[in-house]
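One structure below.
The values are calculated or read from the model by the stated rules, or taken from the named source; none is laboratory data. The structure displayed is predicted, hence computed values, not measured ones. Neighbour counts run over all protein chains shown; Cβ positions are idealised from the backbone, glycine included.
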């Protein structure tokens with residue numbers, strides 16, 4: 001919200017970071033119905049349309065006075081030259097995910113090779129339902145600030161009660177297999193699975209893990225349990241032991 005006295009109208013201007021198109025605008029109101037506290041209290045509010053999770057949005061505010069000269073004041077003063085900004089975050093889904101992060105390995109030396117013959121980090125997804133799930137447009141990320149870091153390709157399907165291996169190796173040009181645009185850190189980090197853009201990029205599943213030992217995976221204890229444990233016998237592509 002914005003506040004002021006002797007104001008005739010207020011507008012907020014916004015655009016995704018880096019876009020060269022003109023800023024979009026929305027009028028702000030002091031009527032108590034636009035997240036602006038009380039009506040006629042000098043606090044103005046408006047809603048900016050939603051943007052995909054991880055997107056950084058630039059914005060600034062213009063207040064036009066009610067005097068004869070229609071003086072305008074901008075906040076910040078340099079307006080679009082040096083705007084304010086915020087980053088769109090993801091919220092955990094309030095629904096159970098049909099697909100979960102079932103197992104991962106952040107230090108793969110001898111367990112399983114990718115189609116290119118390399119021992120790379122891997123992530124295993126598991127469809128916990130009896131129906132096929134289309135993962136087109138879903139996202140995996142190891143960066144909480146950018147839940148849309150890597151988008152699963154169109155027509156990626158995981159069969160009913162099935163498993164899917166994704167290689168975390170930054171090898172996006174590989175002709176065979178699914179290869180994420182990031183690697184897993186053996187020192188520990190976070191991993192999240194987010195719904196598609198059209199489904200608000202909710203975090204459907206996530207796991208935070210500490211330092212990992214070579215050739216030992218981290219697996220979910222069971223499909224209905226959010227706890228994970230170290231697997232001395234990794235099971236890529238199948239149920240955890």
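Inspect the stretch 65-73 for any residue being in contact with a strand residue (DSSP E or B) (Cβ under 9 Å, 6 or more places away or on another chain), touching a residue at least 40 places away in the same chain (Cβ under 8 Å), assigned to a loop (DSSP other than H, G, I, E, B) and under 19 Å from residue 164 (Cα atoms) and give the result as yes or no. Checked against the condition, which is being in contact with a strand residue (DSSP E or B) (Cβ under 9 Å, 6 or more places away or on another chain), touching a residue at least 40 places away in the same chain (Cβ under 8 Å), assigned to a loop (DSSP other than H, G, I, E, B) and under 19 Å from residue 164 (Cα atoms), the stretch 65-73 yields no hits at all. When 172, 198, 210 are checked against the criterion of being exposed (fewer than 13 other Cβ atoms within 10 Å of the Cβ), at pLDDT below 90 and over 21 Å from residue 113 (Cα atoms), 198 stands alone in meeting it. Identify the residue in the stretch 145-161 that is surrounded by fewer than 17 Cβ atoms within 10 Å (Cβ to Cβ) and assigned to a loop (DSSP other than H, G, I, E, B) and, among all such residues, is modelled with the lowest pLDDT. Checking each candidate, the answer is 145. Kindly list the number of the only condition in (1) in a strand (DSSP E or B); (2) more than 22 Å from residue 170 (Cβ to Cβ); (3) touching a residue at least 24 places away in the same chain (Cβ under 8 Å) that fails for residue 229. Failed condition: (3). Inspect the stretch 181-195 for any residue being over 30 Å from residue 88 (Cα atoms) and crowded, with 17+ Cβ neighbours inside 10 Å and give the result as yes or no. Checked against the condition, which is being over 30 Å from residue 88 (Cα atoms) and crowded, with 17+ Cβ neighbours inside 10 Å, the stretch 181-195 yields no hits at all.
If you go through the stretch 30-58, how many residues are outside any loop (DSSP other than H, G, I, E, B) and buried (at least 18 other Cβ atoms within 10 Å of the Cβ)?
The qualifying residues number 5.
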